[in-house]
Each structure stands twice: as C-alpha cells, then as structure tokens.
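J.: Here it is: the structure, laid out below.
The values are calculated or read from the model by the stated rules, or taken from the named source; none is laboratory data. Model, not experiment: these values are computed from the prediction. Positions of Cβ are generated from backbone atoms using ideal geometry, with glycine treated the same way; all protein chains shown enter the neighbour counts. In case anyone asks, the SASA skips ligands and DNA or RNA and just uses the protein heavy atoms, side chains included. Shrake-Rupley method; radii C 1.70, N 1.55, O 1.52, S 1.80 Å.
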Amino acid sequence: MNATHIAGVVLAAGASRRLGTPKQLLLDEGGQSLVARAASQLLEAGCRPVVVVLGAEHDAVADTVAHLPVHIVINAGWAEGMGSSIRVSMDWLEAHDDRATIRAVLVTACDIISASSGHFRAIIDTSRYGLLRVASEYNALSGELVHGIPALFPEADWTVLRSLQGDRGARDLFAISGTLSVFLLNGNLDLDTPADVDRWRAEHSA
C-alpha cells in the first residue's frame, strides 16, 4: 500500500448560462448527476481525498454528492473563472490535515463526459504515481491536438496552481517541456447548449 496519495478535484462551480440549467445536475444514462459521476470516477481511480468545488447553485449541487465521501469547497468568486476554482481547491488541500501524505492532484471538470475512472488511472500510472505532470490530449474541433484537463499536477506545480487567476486555468503548465499526456477519445465534447445535451443523450440511448 502506498503511504502517499493522489488527491482529486472536480471543478463544478460554473453557472451554465448558455445551457440555461446547471449542467452539474444533468443526469447521465445511469441516472447519476454529472458532478456525482465525476467524483465517483475519481474515487474509483483511487484518489483520496476528493474535493468538489462548487459555486453557482451550490446547495442543490451539493445535495447530489452528499452520499459520496467527498469534501465540498465553495468558491465564492466562481464567476472569475476556472483559475479561481483551481486556486481555492489547492488552498483547501494545503490546509488539509493529511497534507503531508498528498503527492499530487488530479483535476477534472464535471462536464468532461468522455472521461472515466479508467482514464484517470491511466493518467496516474503515466505520472509514476504523482511524480510527473500528465495532461489529457485530444483533438479540438479544429482538428488540432490540444492538452488540458483531466490532468495530474505533482507538488512542484502547486505554487503555480495556487496563483491562478481568471478563466485561463493551468494551460501554461501544459506547455512546459516534460509534460506527458494520455489521449482522451472525444475529449472535445462539451455540454454548453441544449443542442449539445440532446445530441449526447441521443448517442447514449442508441
């Protein structure tokens, strides 16, 4: 058994303005909310502790993960963007009682519907159990290969993560030499509009 752990973070603070309803609460084909799905997948991959960052509609979203052994962190500045949610999750981890046992953090978002616990395990394995930075690689709609979350960040990256601002996220870290990657099939799928959701549900009910 490893004496150290990989923490997991689910980013689920956005307002889903284009969708018109909280995407965190959308149900997958098994009737599970997207936020609970993402948290469950991190737990299945062996991540401990798992932090769920909430903002807009946080009371309703928190209810959907109440049955899971996760920690809720409220990002009061959620409207600032993804960077702020990563920042508050890292502040929480730094203050965690078992901080000394946490080697790295695996960050995902509740609306990355192509991710799975298997993909998270592949990222962890590629990282040599938290020693190396690993991003997900996928084709953008333009066809260009891009790197993004889900991604694992070793302790050496935490100072940068705690200083993130706005909606940029951690993309500057992905450009650093030595960043490894694991391909994520259909990683460009988004649930930003009602049409996106209809298309996703049609594909999974076929």
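J.: Which of the trypsin sites (Lys or Arg not before Pro) across region 138-173 are loop residues per DSSP, with 12 or fewer other Cβ within 10 Å?
T.: Here the sparse-neighbourhood loop sites are ARG168.
J.: What is the gain in length, in nm to one decimal, between ARG17 and VAL160 on full extension, counting 0.36 nm per residue of separation less the C-alpha to C-alpha distance?
T.: That works out to 48.6 nm of additional length.
J.: So, one more: Any idea what diffusion coefficient region 75-141 gets from Stokes-Einstein, in µm²/s, Kirkwood Rh on alpha carbon pairs, 37 °C, 0.692 mPa s?
T.: Translational D for this selection: 236 µm²/s.
J.: When the distances between all Cα atoms of the chain are binned every 10 Å from zero, what whole-number percent does each bin get?
T.: Percent of pairs per bin, in order: 9, 37, 40, 13, 1.
J.: Dividing the alpha-carbon radius of gyration of region 24-143 by 2.2 N^0.38 Å (N being the number of residues), what value is obtained?
T.: Ratio of Rg to 2.2 N^0.38 Å for region 24-143: 1.07.
J.: For an R0 of 25 angstrom, estimate the FRET efficiency from the Cβ-Cβ distance between THR193 and GLU144 and round to the nearest 0.05.
T.: So the FRET efficiency works out to roughly 0.70.
J.: Right, here's the next one. Just the Cα atoms of region 116-182, one point each, no solvent: what log10 I(q)/I(0) does Debye give at q = 0.26, 0.29 Å⁻¹?
T.: -1.21, -1.33
J.: If you average the alpha carbon positions of region 1-46 and of region 103-122, how far apart do those two centres end up, in angstrom?
T.: Between the Cα centres of region 1-46 and region 103-122 lies a distance of 9 Å.
J.: Where does the chain land at 222 nm, in deg cm²/dmol rounded to the nearest 500, when only DSSP H runs of n ≥ 4 count, each adding -39500 (n - 2.57), divided by all residues?
T.: My calculation for the chain gives -8000 deg cm²/dmol from helical runs alone.
J.: On to the next question. Charges on Cβ only, +1 for Lys and Arg, -1 for Asp and Glu, centred on the Cα centroid of the chain; of VAL70, GLY83, ALA122, which one is farthest towards the dipole's positive end?
T.: Checking the options against the dipole of the chain, the answer is ALA122.
J.: What FRET efficiency comes out for LEU131 versus ASP91 if R0 is 30 angstrom and r is the Cβ-Cβ distance? Round to the nearest 0.05.
T.: 0.85
J.: Report, in debye and to the nearest 20, how large the dipole of region 1-130 comes out about its Cα centre when Lys and Arg carry +1 and Asp and Glu carry -1 on their Cβ.
T.: 320
J.: Would you kindly find the accessible area of THR126, with a 1.4 Å probe and non-protein molecules such as ligands, DNA and RNA excluded, rounding to the nearest 10 Å²?
T.: 50
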